[in-house]
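Enquirer: The structure that follows is given in the form of structure tokens.
The values are calculated or read from the model by the stated rules, or taken from the named source; none is laboratory data. In this text, all values refer to a predicted model and were calculated from it rather than measured experimentally. Methodologically, a virtual Cβ is constructed for each residue, glycine included, from the backbone with ideal geometry; neighbour enumeration extends over all protein chains shown. For accessibility, only protein heavy atoms count, side chains too; no ligands or nucleic acids. Shrake-Rupley method; radii C 1.70, N 1.55, O 1.52, S 1.80 Å.
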Amino acid sequence: FYDHDRSYPEELRAEVEEAVGLIESRVGAKFGDAKNPLLLSVRSGARASMPGMMDTVLNLGLNDVTVQGLIEQSHDRRFAFDSYRRFVQMYADVVLGLDLGIFEKQLERAKQRRGVKFDCELSAEDLEGLVSTYKARVHEELGVPFPEDPQDQLWGAMGAVFGSWMNQRAQTYRRLHDIPAHWGTAVNVQAMVFGNMGNDCATGVAFTRNPSHGANDFYGEFLVNAQGEDVVAGIRTPQDLTVAARKSRGCELPSLEELMPKVYEELVGIRRQLELHFKEMQDIEFTVQRGKLYMLQTRTGKRTTHAALKIAIDMANEKLISKAE
């Protein structure tokens, strides 16, 4: 990509169309369709884990037409416009290069008008108004309208994720961790699943062991009725995965173990499976959509030196790895 002046090989467009078609057939929805739209997540896939350094775009494929199809699918107008609002804000930031603060100010004003504290307390009408406000601001700042064509949105997002390999924070991270720039990154295009469809939905991050001191504890956080960026954005207080972690923090908010016990048990099983396969402590991201667990990604987890020693010794004692390993 960079060696060819940030351009793509001629055959890539056909390959992307074919791959999106495969996702459509598996999910049973069509990208850009007015009645049954497929929405996409565009994420980085670097060879080395670089948490938080690369860009992501969620809910891609929404426009004034497809949002109506999402409303028909979900029977939830608020969810549809919440997803649309998130998409416009994220796309304007990541792809169009606008200051995120522009949109955060509009969001805060909407909450003040409604007299609420959290994003999830805004009504469908509030969120629909924010979409219009956001798009008008994009036009005002750039002199061109927000892109409505899903194909244009997809190629814009892919280019932005490739481009984020050379952003300042990624370059600094690579320099600090001795990651060669020539390794480059892939772009992963996935079907969206939604943690913001209601109170039977959630999103979270977890480590299969404690990254601070290495204890064999399932360690992580989640939010109900949220999308991935909410967990790290600090706009709401995340909840603990386990009862033990909740009690140790003195938190009154229920843990995932208490709130969604079946989902938690499934996640514990996946935790074991991942460690058996990778023979390493894993850093995972997950979403719960209407009570069903979806795994978004896994990677080798960052840890302290103390934790690294304890995890290695414990895994050897558990016969998960050899003493040599």
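Enquirer: Using 0.36 nm per residue of separation minus the Cα-Cα distance, give me the extension gain between Ser7 and Arg26 in nm, one decimal.
Expert: Difference between extended and current length: 3.9 nm.
Enquirer: While we're on this one: Report the Cα centroid-to-centroid distance between segment 40-66 and segment 13-35 in angstrom, as an integer.
Expert: About 17 Å separates the Cα centre of segment 40-66 from the one of segment 13-35.
Enquirer: Using the scaling law 2.2 N^0.38 Å as the reference, what is the normalised Cα Rg of segment 53-151?
Expert: Expressed relative to 2.2 N^0.38 Å, the Cα Rg reads 1.04.
Enquirer: While we're here: When the dipole is taken about the Cα centre of the chain, and only Lys, Arg (+1) and Asp, Glu (-1) are charged at their Cβ, what size is it in debye, to the nearest 20?
Expert: About 1060 debye.
Enquirer: Stick to Cα atoms and the Kirkwood definition of Rh, then tell me Rg/Rh for segment 218-265.
Expert: Radius of gyration relative to Kirkwood radius: 0.95.
Enquirer: Another question about this same structure. Mean separation of Cα pairs under 8 Å and 6+ residues apart, divided by the residue count of segment 32-117: what relative contact order is that in percent?
Expert: 26 percent
Enquirer: Report P(r) for segment 188-306: all Cα-Cα distances, bin width 10 Å, range 0 to the bin holding the largest distance, values in whole percent.
Expert: 14, 47, 34, 5
Enquirer: For Glu141, what accessible area in Å² do you get when you roll a 1.4 Å probe over the heavy atoms of the protein chains, rounding to the nearest 10?
Expert: The accessible area of Glu141 comes to roughly 80 Å².
Enquirer: Compute, for Arg249, the solvent-accessible surface of its heavy atoms (probe 1.4 Å) with the complete set of protein chains present, and express it in square angstrom to the nearest 10.
Expert: Around 130 Å² of this residue is reachable by solvent.
Enquirer: Quote to one decimal, in nm, the extra length available between Trp183 and Glu17 on full extension: 0.36 nm per residue of separation minus the C-alpha distance between them.
Expert: 57.2 nm
Enquirer: How far is the Cα center of segment 247-291 from the Cα center of segment 149-175, in Å?
Expert: Segment 247-291 and segment 149-175 have Cα centres separated by 30 Å.
Enquirer: Out of Ala206, Ala307, Ala191, any idea which swings most in a Gaussian network model of the chain, alpha carbons joined below 10 Å?
Expert: Ala307
Enquirer: Report, ordered by chain and residue number, the lysines lying within cross-link reach of Lys135, taken as a straight Cα distance under 20 Å and ignoring same-chain residues fewer than 8 apart.
Expert: List returned: Lys105, Lys111.
Enquirer: Could you pull the Rg and Dmax for segment 275-321, using just the Cα atoms, both in Å?
Expert: Using the Cα atoms of segment 275-321, the pair Rg, Dmax is 13.5, 39 Å.
Enquirer: Sorted from largest down, give the three principal axis spans of the alpha carbons of the chain, whole angstrom values.
Expert: 60, 51, 37
Enquirer: For segment 204-221 and segment 73-138, write down the distance between their C-alpha centroids in whole Å.
Expert: 32 Å
Enquirer: In terms of solvent-accessible area of protein heavy atoms at a 1.4 angstrom probe, what is the ranking of Glu252, Glu18, highest value first?
Expert: Order by accessible area, largest first: Glu252, Glu18.
Enquirer: Now for a different question. Using the Cα atoms of segment 1-114, I'd like the radius of gyration and the largest Cα-Cα distance, Dmax, both in angstrom.
Expert: Here Rg and the maximum Cα pair distance are 16.8, 50 Å.
Enquirer: If you don't mind, there's one more thing I want to ask. Using Cα positions and a limit of under 28 Å, work out the lysines in reach of Lys323, with same-chain residues fewer than 8 apart set aside.
Expert: Here the lysines satisfying the reach criterion relative to Lys323 are Lys279, Lys302, Lys310.
Enquirer: Can you send over the carbon and sulfur percentage of the accessible area for the chain, probe radius 1.4 Å, protein chains only?
Expert: Within the chain, the accessible surface is 51 percent carbon and sulfur.
Enquirer: Given a 1.4 Å probe and heavy atoms of the protein chains only, how would you sort Leu223, Leu259, largest accessible area at the top?
Expert: Leu259, Leu223
Enquirer: While we're looking at this one, here's another question. Taking only the alpha carbons of segment 57-98, what extent do you get along each of the three principal axes, in Å, biggest first?
Expert: Extents along the principal axes, in whole Å: 33, 15, 13.
Enquirer: Regarding segment 247-325, what whole-number volume in Å³ per residue does the convex hull of its Cα atoms give?
Expert: 122 Å³
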